[in-house]
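The values are calculated or read from the model by the stated rules, or taken from the named source; none is laboratory data. Note that the structure is predicted; figures quoted are calculated from it, not measured. Positions of Cβ are generated from backbone atoms using ideal geometry, with glycine treated the same way; all protein chains shown enter the neighbour counts. Accessible surface areas use protein heavy atoms only, side chains included; no ligands, DNA or RNA. Shrake-Rupley method; radii C 1.70, N 1.55, O 1.52, S 1.80 Å.
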Amino acid sequence: MRRSCLFLPGNQPNILQNGMVLPCDVLIFDLEDAVSEKEKDAARELISQALTTLDFGVREKVVRINDMETFHARLDIINVTKAGADALMVPKTVGSDTVQKAASILDEAEEKADLPLGSVGLILLIETAMGIEKAFEAASASSRVRALALGGEDLAADLGCSRTKASRELFYARTRLVMAGRACGLDVIDTPFTDARDAEGCYEDASYARSLGFSGKLAISPHHLEPIHRAFRPSESEVAYALDVVSAMRRAKEEGLGAVSLRGKMIDLPVLAQAERTLELATASGMLSTSRSTSTKGD
Amino acid sequence: MKLSRRTGKVMPSLKDAIRSSCLKDGMTISFHHHLRAGDYVLNDVLHTCTELGFSNLTVNASSIMACHTPLVEAIRAGVVTGIECNFMHASVGHAISQGLLANDVLFRTHGGRPAALESGTAHIDVAFIAASASDPEGNCNGKEGPSAFGSIGYAMSDAVHADYVIVITDHLMPYPLTDVSIPENLVDAVVVCDSIGDPDRIMSGTTRITRDPIGLLIADYTARAIEACGLLEDDFSFQTGAGGTSLAAAAYIGERMRKLGVTGSFASGGITGLLVDLLNEGVFKSLADVQCFDREAAASIRKNPHHVEISASRYASPQAKSTIVDRLDAVILGATEIGTDFSVNVHTDSNGMIMGGSGGHSDTAAGASLAIIAAPLVRARLPLIVDRPQTVSTPGKTIDLLVTQYGMAYNPKRRDLHDCLTGAGLPVFSIEELKEKAERLTGKPRLLKNEGRIVARVIGRDGDELDVIRAVHK
């Protein structure tokens, strides 16, 4: 579940500890933009300590490492892998080269940390024009890749256009990224909404992202978690339909059928997958109990 | 022949009024703090007393605020040698903690102060009452005039019990003032000055809803806990402090009451614009106001008959036949430290320096059916929960529930809360478990032992000494 992915600056201990209680799905401890050059070492140490000692519960622990073109990236990967990061966010990803560089160091880091090979994932932050054009290549470059994420601010700068609240300038990038990511069976995470005080603006933006096929949204402020969750909360009718789909498919399976008719329409495995995603969102939104959802998924 | 009319009690100057009061060295003078950080009156009176050569005075003020730092100079000059108050801002408190004052400060509560005056335990020789409007005979209030601050509730007991009462105003109105908070029969003299204070500074800066996500999380848990305990039904009554988290909790409670279609009976205490909004929306039927925390509240109390001014005695005096605090369903309070026995410190900081006081903390905790401490588990790398707080301001037996961002702990004497809270899916721990969580983040702080002389005594609302505060030498 990657609905809400919250950045926490890696150089601020009082904010890092808030990660234990903030209601997000993914915590992204930032070593890149939020940390000045002279604080990189200290922040890396701080994040490593936080990963080792603090209990972040079920939240996925992701570290945004520094640009693969800098000497920091290798140190970041080695240290935070050992400390227990679930995944690394690779900034400024452009095609398979960036992914393979990161994956190669990660192989080494996992070996040093006695971790099973491939246990740490990669989330690719795509934030350049070339990165967008090579999104599918990057997404399919390694089995470690778990998700694609869009960095709209840097992309707008690369495109030479202004970043606007309506985000029309990102339309192509958003749809292209969703297509590339979904084609590889990955989650796709939308760019953050940058006005920390505008919760309703964030809700509108997240709702639009969901309508395009994104599975979640990056957040730069805890104030955006509630509107993001609200945007990704399925409607009652969507949940009812999803439950019917799962139930119908269960019956079809029992009867040895591959497809079945529901409400006059044929449903098959892709529809089941979509229904299961809906039920997962409904559970995360508190609309269904965990046990009910689990039993549905278990069928 | 035209008969001469009585001209009233207006004195030519503050000096004349003080002279007429027969104030002598060693006596006690009193003040209220309704103008909060904007008060000019306490400083003006001390300045005049210094000019008149007084010494060895005791200041009995409902609170000592940040603007009262000239008090430190008056202590150094020997003009003031004793202080009795319910709250002391760090700007004066730190000087006291370093042993500046010859005698011990007596800390009471907002209810304990009028009770002490009623019983004669405390005595006021001359009360100086800042009023934003007064007529020449001393009928006065805090609601009218350019320096309007709203309720004058803390001064009412002073007016009743002081030997001599001087009203100081910057807005003299024709006799008779119609909206009277303190009546002329209690007033001996009236002084007109240029300004009694800056009403814009009534608002202390802690009266805005927090935007801190952790504060909002604590507020959300607090509101959910109150609902889980079944209190959010018609005629619900509650009080909250002026801190950002408490105000956020009040806002969340208002939201839940709207959703449930519940109409509350009253909200009390220091009143903010947020509570005024809830009154105007009909979420609460009335406000019981002993002090206004902002200009919105001060404006409301002037025009809305359901926004009721109350005295400190009616608010919380344990000597009174009944009080507002005893009718409270829930109160949301803050804490600097809380002990594992739920006793709370709101007087001293982590170094043992004076930076606050009970105010109405102990009174509302004792009176309310559900007394909640809502505070972050870790603040500036210090854990909230300790074995024993540096200073016991409010006894643990009066606190029912602690709410933090990591979860909540009920006082073991309130086991009845367990099922309500867990049934609502709220994260419930023992206070020891929460303490352990905090110490995993911060380490266990070294116990601070202040062994200096006693500089202050904390008097519980029942008049007994709860604790002492010792000098801290840098």
_Considering residues of the stretch A:211-229 that are in a loop (DSSP other than H, G, I, E, B) and not small (Gly, Ala, Ser) only, the residue least open to solvent (accessible area, probe 1.4 Å)_ = A:Phe214
*Is there a residue being more than 28 Å from A:Glu133 (Cα to Cα), charged (D, E, K, R) and more than 14 Å from chain B (Cβ to nearest Cβ) anywhere in the stretch A:87-99?*
no
*Residues that are open to solvent by 40 Å² or more (accessible area, probe 1.4 Å) and either of a type in the set (Phe, Trp, Tyr) or more than 23 Å from B:Ser300 (Cα to Cα) (or both), drawn from the stretch B:127-173*: B:Val160, B:His161, B:Asp163
_Residue among A:Cys184, A:Cys202 that is out of contact with any Asp or Glu (no Cβ under 6 Å at 6 or more places or on another chain), touching a residue at least 40 places away in the same chain (Cβ under 8 Å) and open to solvent by less than 70 Å² (accessible area, probe 1.4 Å)_ = A:Cys184
*asked:* Of the conditions (1) part of a helix (DSSP H, G or I); (2) within 14 Å of another protein chain (Cβ to nearest Cβ); (3) in contact with a strand residue (DSSP E or B) (Cβ under 9 Å, 6 or more places away or on another chain), A:Gln49 satisfies every one except a single condition; which number is it?
replied: (3)
*Could you list, in sequence order, the residues of the stretch A:2-25 that are without any contact (Cβ under 8 Å) to a residue 40 or more places away in the chain and within 13 Å of chain B (Cβ to nearest Cβ)?*
A:Leu8, A:Gln12, A:Pro13, A:Asn14, A:Ile15, A:Leu16, A:Gln17, A:Met20, A:Val21
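One line per residue, one yes/no per condition, for (1) in contact with a Gly (Cβ under 9 Å, 6 or more places away or on another chain); (2) modelled with pLDDT under 95; (3) more than 14 Å from every other protein chain (Cβ to nearest Cβ); (4) over 17 Å from B:Glu255 (Cα atoms):
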| position | (1), (2), (3), (4) |
| --- | --- |
| B:Met173 | yes, no, yes, yes |
| B:Pro176 | no, no, yes, yes |
| B:Val192 | no, no, yes, yes |
| B:Asp198 | yes, yes, yes, yes |
| B:Ser204 | no, yes, yes, yes |
| B:Tyr221 | yes, no, no, no |
| B:Ala225 | no, no, yes, no |
_Going residue by residue through the stretch B:50-61, is there one that turns out to be polar (S, T, N, Q), touching a residue at least 60 places away in the same chain (Cβ under 8 Å), open to solvent by less than 10 Å² (accessible area, probe 1.4 Å) and not in a strand (DSSP E or B)?_
no
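For (1) open to solvent by 20 Å² or more (accessible area, probe 1.4 Å); (2) farther than 23 Å from A:Thr175 by Cα, each residue gets a yes or a no:
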| site | (1), (2) |
| --- | --- |
| A:Phe193 | no, no |
| A:Ala196 | yes, yes |
| A:Ala209 | no, no |
| A:Ala231 | no, no |
| A:Ala248 | no, yes |
| A:Ala252 | no, yes |
| A:Gly256 | yes, yes |
| A:Val271 | yes, no |
_Lone qualifier among B:Arg440, B:Arg446, B:Arg453 - being of a type outside the set (A, V, I, L, M), touching a Leu at 6+ places or on another chain (Cβ under 9 Å) and open to solvent by 60 Å² or more (accessible area, probe 1.4 Å)_ = B:Arg440
*asked:* With the requirement that a residue be of a type in the set (S, T, N, Q) and surrounded by fewer than 22 Cβ atoms within 10 Å (Cβ to Cβ), what does the stretch A:1-16 give you?
replied: A:Asn11, A:Gln12, A:Asn14
_As an exercise: evaluate A:Ala34 against (1) within 14 Å of chain B (Cβ to nearest Cβ); (2) at pLDDT below 90; (3) touching a strand residue (DSSP E or B) at 6+ places or on another chain (Cβ under 6 Å) and give the number of the one condition it does not meet._
(1)
